[in-house]
1. Take the residues in the stretch 59-83 that are outside any helix (DSSP H, G or I) and under 14 Å from the mean Cα position of the chain (by Cα), then tell me which one is surrounded by the fewest Cβ atoms within 10 Å (Cβ to Cβ).
2. Quick one: which residue in Gly114, Gly55, Gly85 is touching a helix residue (DSSP H, G or I) at 6+ places or on another chain (Cβ under 8 Å) and within 14 Å of the ligand (Cβ to nearest atom)?
3. Since Glu101 meets every condition but one in (1) without any contact (Cβ under 8 Å) to a residue 12 or more places away in the chain; (2) under 22 Å from Ala49 (Cα atoms), which condition does it not meet?
4. How about the stretch 21-57: which of its residues are among the β-branched types (Val, Ile, Thr), touching a Phe, Trp or Tyr at 6+ places or on another chain (Cβ under 9 Å) and closer than 17 Å to Ile93 by Cβ?
5. Could you list, in sequence order, all residues of the stretch 152-178 that are out of contact with any helix residue (DSSP H, G or I) (no Cβ under 8 Å at 6 or more places or on another chain) and buried (at least 18 other Cβ atoms within 10 Å of the Cβ)?
6. Specify the residue that is farthest from Phe182 (Cα to Cα); the eligible residues are those in the stretch 33-51 that are more than 15 Å from the chain's Cα centre (by Cα) and crowded, with 16+ Cβ neighbours inside 10 Å.
7. Cβ contacts < 9 Å: first residue farther than 15 Å from Glu192 by Cβ and of a type in the set (Ser, Thr, Tyr), restricted to the stretch 21-42; second residue in a loop (DSSP other than H, G, I, E, B) and near the ligand (Cβ under 8 Å from one of its atoms), any location; separation 6+ or different chain. Result?
8. Check off (1) outside any loop (DSSP other than H, G, I, E, B); (2) closer than 19 Å to Lys143 by Cα for Gly220 and give me the number that stays unchecked.
Amino acid sequence: MSKDTIYQDPHPPSDFTFNARVAEVFDDMLQRSVPCYQQVIDMTATLLARFAADGDRIYDLGCSTGTTLLHLARRLEAKELQFTGIDSSRAMIDKAVLKAEMLATQNTIRFVQGDIAEIELEPCGACILNYTLQFIRPMARKKFLTRLHSALKPGGILIISEKIISHDLLLNRTFIDLYHDFKRGQGYTETEIARKREALENILIPFSIQENIALLKKAGFSHVETFFQWFNFASFMAVKD
Ligand SMILES: C[S@@+](CC[C@H](N)C(=O)[O-])C[C@H]1O[C@@H](n2cnc3c(N)ncnc32)[C@H](O)[C@@H]1O
């Protein structure tokens, strides 16, 4: 796995984009930047084992290099699910296809380049939206989630993981400090942390837990709850009636 050294460069890209340079180091970046990344994938698999019906279509929206779907395809093999990963970044999709070929799972997983806010979705048993809603313009989020609600079959599940904010200023500051401690512990320097933070400014726009839950309810989901939180990261599940 190539190591993420993008923000060691004194002239890094000013705004964060999911280009070829990022795709190349992305698996390392995610594991060192997203706390409990693997644990959330494991919990996603546990939820799908319970909620998805045999043969269901499962979407991973903003699938990046396909890590989540490759794990799910192995763990949930007996359910014969049809996995589709969608990402707007050509470089991410190319990497995902390569990984699927190497693991010989290309027959069960389809990777498609497209904009998840625009692309036509087929009826599905689950949508996974891990660390991606935060990159959709706030104004567009309700309409987007309403589309996912429409695509899900009754009893279908939407799983969302996000960076979050707290409306309590003291706790918000504390959670961000603890997150920066985590990144330092993963080997990122002070400069790398500061440069990445700047590059993501106005691009990654986190909501609070309460705002995300309210949004999901407005989008039509009646069963909504968090199932995981690590300081300023949370995972949500929403089930369609
Ligand atoms: C932080 S990554 C997601 C990580 C991935 N879900 C995982 O858990 O491994 C965000 C991804 O969303 C993609 N993305 C952002 N906006 C998008 C959009 N409108 N349509 C499709 N993909 C999008 C980016 O290209 C990027 O690969």
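What follows draws every value from the coordinates through simple rules; no lab data is involved. Since the structure is predicted, the reported quantities are computational estimates derived from the model, not experimental observations. Cβ coordinates were reconstructed from backbone atoms using ideal geometry, including for glycine residues, and neighbour counts include every protein chain displayed.
1. So, considering only residues that are outside any helix (DSSP H, G or I) and under 14 Å from the mean Cα position of the chain (by Cα), the one surrounded by the fewest Cβ atoms within 10 Å (Cβ to Cβ) is Gly62.
2. So the residue among Gly114, Gly55, Gly85 that is touching a helix residue (DSSP H, G or I) at 6+ places or on another chain (Cβ under 8 Å) and within 14 Å of the ligand (Cβ to nearest atom) is Gly85.
3. All conditions pass for Glu101, except number (2).
4. Matches in the stretch 21-57: Val22 only.
5. Across the stretch 152-178, the qualifying residues are Leu152, Phe175.
6. Phe51
7. From residues that are farther than 15 Å from Glu192 by Cβ and of a type in the set (Ser, Thr, Tyr), the pairs are Tyr37/Tyr131.
8. (1)
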